[in-house]
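Trainee: Just dropping this structure here.
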């Protein structure tokens, strides 16, 4: 495959699509699919056939359009209209009224902050291309970065471009991507591996799933570029088995790329070969930790091991191994296509580019968003998210999943970047963002995440195995109104112990939700301990206020 041949495929596909007067896109990602968007797509295609409009209207199943709370979503690209909550029964009206607009359907305006305030790099193709057709991806400049890199650049050139872009790992820690690639490239000519970590386990997170369902070739292209840069010939995508649609689209994408010579042996007629396999995870949260993930791919029990040695030096089957997550790989091709300076100009001084978030919880517009680094929490929640429903007040937002913290109203104007979130006690994480309103009990929130960490602990180290269980037990006592001040002191002591002595990131970060809720909502803990008296009465936990005798009379 040469750049000319790739360009020809893209031109042919664009010309074929240009013949249609109307382009109707239906979201067939998991969120809308759960509301029967596949039947909506079938109903639209049936109406096109029955109306004899096959040469005028193209109905295409596409990936996530973002506003998951309003699905199934259908967009008419030619006039920019988007329809929400479409059912198979009313879908034909869209086709019958393409020129005038379907007045009887719920229209979803696209000139609102939810869409206009986003900056899409990772999600630029989501909602636009058919994830099961490689030609559609190529028509959007897909694989051009890979072909150009192999034909025009050296592996060192590629790494230097990623370093200059300032891209940091989007899996949570924010480690500089180019530095990690450079470390592996320096290990010499030996067996090396590239792994895409798609073991997305944070409650409320669905970013990686949506990217794999909507634009799988983008991730494969990023992996292939990374393999070229570091000298690897074999790659694995470790994806949760609970993501059947993502797995299906990945399998299709791998076969298509191999068929066109964009994966496999001697890519683009060069000496570079790269093969990709899929490994299904059984849903263990701890396998998101890179050494546990490696053990799982090797067929062993998914438990972490002490580091060093790091996977970059001794990873899969003892060989140097590059591990990045889905979103990190999805940023690679755009950086090479548009240049490092283009990417570095987006975001903040130390946090470059954009970040994809799964916006969920008590917010009007739930769904998938991509925003430039440095945007404030207030802008995300009250502008893009549309604020809190039912006239309630904002209380906190949990970022970073079980490893993150709860951020109160006083920090709503904090910028969203790695350093700023760390300063206020939370982390970026992989991109989960759960909003809570005034009805939420913060002690109960801490208990929920601690229960999750306790259940997901692999049990290999005592601090995590026993410590999370003890912490959960204390939180249980507090929410039931049976705890004392001594229990609260013990909880804080355990937080410090578990954080500083656990083997891997699961245990080390498990206390974060407790620590931030203690930091910002200590009055709620104290109120629970007093049995519901004081300034906070927790209806959520079923604590009955203690009414003084003189007041009762």
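Values in this text are rule-based calculations from the coordinates and carry no lab data. Everything quoted here is computed from the prediction, not taken from an experiment. Neighbour counts run over all protein chains shown; Cβ positions are idealised from the backbone, glycine included.
Trainee: Please work out the FRET efficiency for the pair residue 500 and residue 241, using the Cβ-Cβ distance as r and a Förster radius of 41 Å; give the result to the nearest 0.05.
Mentor: Computed FRET efficiency for residue 500 and residue 241 comes out at 0.75.
Trainee: Report for the chain the percent antiparallel among DSSP-assigned beta bridges with both residues inside it, nearest 5.
Mentor: Once the DSSP bridges in the chain are tallied, antiparallel ones form about 50 percent.
Trainee: Something else now. Quick one: compute the contact order of the chain, relative version, from alpha carbon pairs under 8 angstrom and 6+ residues apart, as a percent.
Mentor: Relative CO of the chain lands at 13 percent.
Trainee: How many nm separate the modelled label positions at residue 187 and residue 390, each set 7 Å beyond the Cα in the direction of the Cβ?
Mentor: Rounded to a tenth, the inter-label distance reads 5.2 nm.
Trainee: Where both partners of a DSSP beta bridge lie in the stretch 19-110, what percent of those bridges are antiparallel, to the nearest 5?
Mentor: For the stretch 19-110, the DSSP antiparallel bridge percentage is about 55.
Trainee: With a 10 Å radius around each residue's Cβ, average the other Cβ atoms per peptide and rank 449-457, 262-270, highest first.
Mentor: Order by mean packing, descending: 449-457, 262-270.
Trainee: Something else about it: Calculated FRET efficiency, residue 175 and residue 486, Cβ-Cβ r, R0 25 Å, to nearest 0.05?
Mentor: 0.05
Trainee: Ranked by Cβ crowding within 10 angstrom, fewest neighbours first, how are 317, 342 ordered? Mind dumping the intermediate values first?
Mentor: Values: 317 11, 342 14.
So the ranking, lowest neighbour count to highest, is 317, 342.
Trainee: Next question, about the same structure. What ranking of 297, 381, 369 emerges when the number of other C-beta atoms within 10 Å of each C-beta is taken as an exposure proxy, fewest first?
Mentor: Ascending Cβ contact count within 10 Å gives the list 297, 381, 369.
Trainee: Oh, and also: With labels modelled as points extended 7 Å from the Cα through the Cβ direction, what inter-label distance (nm, one decimal) is found for residue 21 paired with residue 349?
Mentor: 5.7
Trainee: In addition: Please give the peptides 519-527, 61-69 ranked by average Cβ packing (other Cβ atoms within 10 Å per residue), highest first, as a rough proxy for protection. Working shown, then result.
Mentor: On the way: 519-527: 18.7, 61-69: 25.4.
Going from most to least packed, we get 61-69, 519-527.
Trainee: Let me ask something additional. Does the stretch 1-95 come out rounded, prolate or oblate, given a ≥ b ≥ c as the square roots of the eigenvalues of its C-alpha gyration tensor, rounded meaning a/c under 1.5 and, failing that, prolate meaning a/b above b/c?
Mentor: Verdict is oblate for the stretch 1-95.
Trainee: Label points 7 Å out from Cα along the Cβ direction at residue 3 and residue 519: separation in nm?
Mentor: My value for the distance between the label points is 4.8 nm.
Trainee: So, one more: Treat the count of other C-beta atoms within 10 Å as a stand-in for reagent exposure and order 436, 442 from fewest to most.
Mentor: Details: 436 21, 442 27.
The fewest-first ordering by Cβ neighbours comes to 436, 442.
Trainee: Grab the Cα-Cα distance for residue 56 and residue 470, subtract it from 0.36 nm times how many residues apart they are, and report the gain in nm with one decimal.
Mentor: Result for the pair: 142.6 nm of gain on full extension.
Trainee: Assuming a ≥ b ≥ c are the square roots of the Cα gyration tensor eigenvalues, decide whether the stretch 443-529 counts as rounded (a/c under 1.5), prolate (otherwise, with a/b larger than b/c) or oblate. Walk me through the numbers before you get to the answer.
Mentor: Numbers: a/c = 1.91, a/b = 1.80, b/c = 1.06.
In terms of gyration-tensor shape, prolate.
Trainee: Also, I was wondering about something else. Helix-only mean residue ellipticity at 222 nm, the chain, DSSP H runs n ≥ 4 weighted -39,500 (n - 2.57), per residue, nearest 500. What is it? Show your work: numbers first, answer last.
Mentor: Numbers: 22 runs with 226 residues, N = 553.
Estimated from H runs of four or more residues: -12000 deg cm²/dmol.
Trainee: A follow-up question, please. When only Cα pairs under 8 Å and 6 or more residues apart are kept, what is the percent relative contact order across the stretch 142-344?
Mentor: So the answer I get is 32 percent.
Trainee: Same structure again: Which residues does the label zone of residue 132 cover in the stretch 228-255, counting backbone N under 15 Å from a point 7 Å along Cα→Cβ?
Mentor: 244-255
Trainee: P(r) tail for the chain, what percent of Cα pairs lie past 41 Å?
Mentor: 26
Trainee: Next question, about the same structure. How many Å³ per residue does the convex hull of the Cα positions in the stretch 368-519 occupy?
Mentor: Details: hull volume 17.7 nm³, N = 152.
Hull volume normalised by residue count: 116 Å³.
Trainee: Let me ask another. Go through 318-328, 248-258, 8-18 and give me the packing order, highest mean Cβ count within 10 Å leading.
Mentor: Result, highest mean first: 318-328, 248-258, 8-18.
Trainee: Still on this structure, please answer the following. Post the alpha-carbon centroid distance, the stretch 15-53 to the stretch 449-495, in whole angstrom.
Mentor: The distance from the Cα centre of the stretch 15-53 to that of the stretch 449-495 comes to 50 Å.
Trainee: Specify the inter-centroid distance of the stretch 252-268 and the stretch 334-381, based on alpha-carbon positions, in whole Å.
Mentor: 31
Trainee: Would you please state which residues of the stretch 8-25 a label at residue 42 would reach in this model, taking the label point 7 Å out along Cα→Cβ and a backbone N cut-off of under 20 Å?
Mentor: Residues 24-25 fall inside that zone.
Trainee: Next question. Indicate the gyration tensor shape class of the stretch 414-457 (rounded, prolate or oblate), computed on the Cα atoms with a ≥ b ≥ c the square roots of the eigenvalues: a/c under 1.5 is rounded; otherwise a/b larger than b/c is prolate and the rest oblate.
Mentor: On the way: a/c = 2.36, a/b = 1.36, b/c = 1.73.
Here the stretch 414-457 falls in the oblate category.
Trainee: Let me ask another. Please work out the Cα center distance from the stretch 120-157 to the stretch 298-312, rounded to the nearest Å.
Mentor: 32
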